[in-house]
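Contents: one structure, followed by commentary.
Every number here is computed from the coordinates shown, using simple stated rules; none is lab data. Remember, it's a predicted structure, so these values are computed and weren't measured experimentally.
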């Protein structure tokens, strides 16, 4: 099933109320709907969803406002409105380490896009956070691979004719465990 088909089914299930538990939408379902919509370019739908599902409607977390803010930040990131994305990104010690790491990943992507001097520092901090987390090895590897590939993009990505850059494109495409693959490849595409 394609992402588009999955998204359309999920939108219908949302309308029919299947995703709600005691009138709350679990934060993981909330996140999936936002990210699927953004990947498919359904920006108006995502904006409407975020507006009609304020933090008071998000369940399965003690931090619904922060979950909402993170997803709104993702929305603005996809629109390439990095200042607004950065403003929406709220840090909290989430009970779910993955959510905390996702916030860090988004911050790193914003810093990369805006050429912020703190990029390298944030990448090192995330590396340590992931290594010290109690996540499984496979999950940790997704984030660590992202950091390693981004580091290589910073070093070699600007060299359009370099064999290292072409090799890096192949590495990102074939990495079995990696997050933000599409974004990384976008950074390596001919601009």
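What's the angle, to the nearest 10 degrees (0 to 90), between helix 27-39's Cα axis and the longest principal axis of the chain?
Between the helix axis and the principal axis of the chain, the angle is about 60 degrees.
May I ask for the percentage of alpha-carbon pairs in region 73-130 that lie more than 18 Å from each other?
Here the long-distance tail beyond 18 Å is 30 percent of all Cα pairs in region 73-130.
Cα gyration tensor of region 53-157, axes a ≥ b ≥ c as square roots of the eigenvalues: rounded (a/c below 1.5), prolate (a/b > b/c) or oblate? Write down the numbers at each step before the final one.
Working: a/c = 2.33, a/b = 1.24, b/c = 1.88.
Judged from the Cα gyration tensor, region 53-157 comes out oblate (a/c at least 1.5, b/c at or above a/b).
Work the Kirkwood hydrodynamic radius out for region 1-66: mean of 1/r over every pair of different alpha-carbon atoms, inverted, in Å.
Numbers: mean 1/r = 0.0826 Å⁻¹.
When all Cα pairs of region 1-66 are included, the Kirkwood radius is 12.1 Å.
Pairing the Cα long axis of helix 119-132 with the longest principal axis of the chain, what angle in degrees results, from 0 to 90 and rounded to the nearest 10?
It is inclined by approximately 70 degrees.
Taking only Cα atoms of region 24-110, what ratio of Rg to Rh do you get with Rh as the Kirkwood inverse-distance radius?
Taking Rh as the inverse mean 1/r over Cα pairs, Rg/Rh reads 0.92.
Just the Cα atoms of region 103-191, one point each, no solvent: what log10 I(q)/I(0) does Debye give at q = 0.12 Å⁻¹?
Taken in order of the listed q values, log10 I(q)/I(0) reads -0.35.
What's the Cα-based Rg to Rh of region 102-142, Rh via Kirkwood?
Details: Rg = 11.0 Å, Rh = 10.7 Å.
My calculation of the ratio gives 1.03.
Using the alpha-carbon centroid of each, what span in Å lies between region 33-56 and region 163-189?
About 27 Å separates the Cα centre of region 33-56 from the one of region 163-189.
Angle between the Cα long axis of helix 137-156 and the longest principal axis of the chain, 0 to 90 degrees, nearest 10?
Relative to the chain, helix 137-156 is tipped by roughly 50 degrees.
Compute the Rg to Rh ratio over the chain from the alpha carbon atoms, using the Kirkwood formula for Rh, and round to two decimal places. Kindly include the intermediate steps, with their values, before the conclusion.
Details: Rg = 17.2 Å, Rh = 17.7 Å.
Radius of gyration relative to Kirkwood radius: 0.97.
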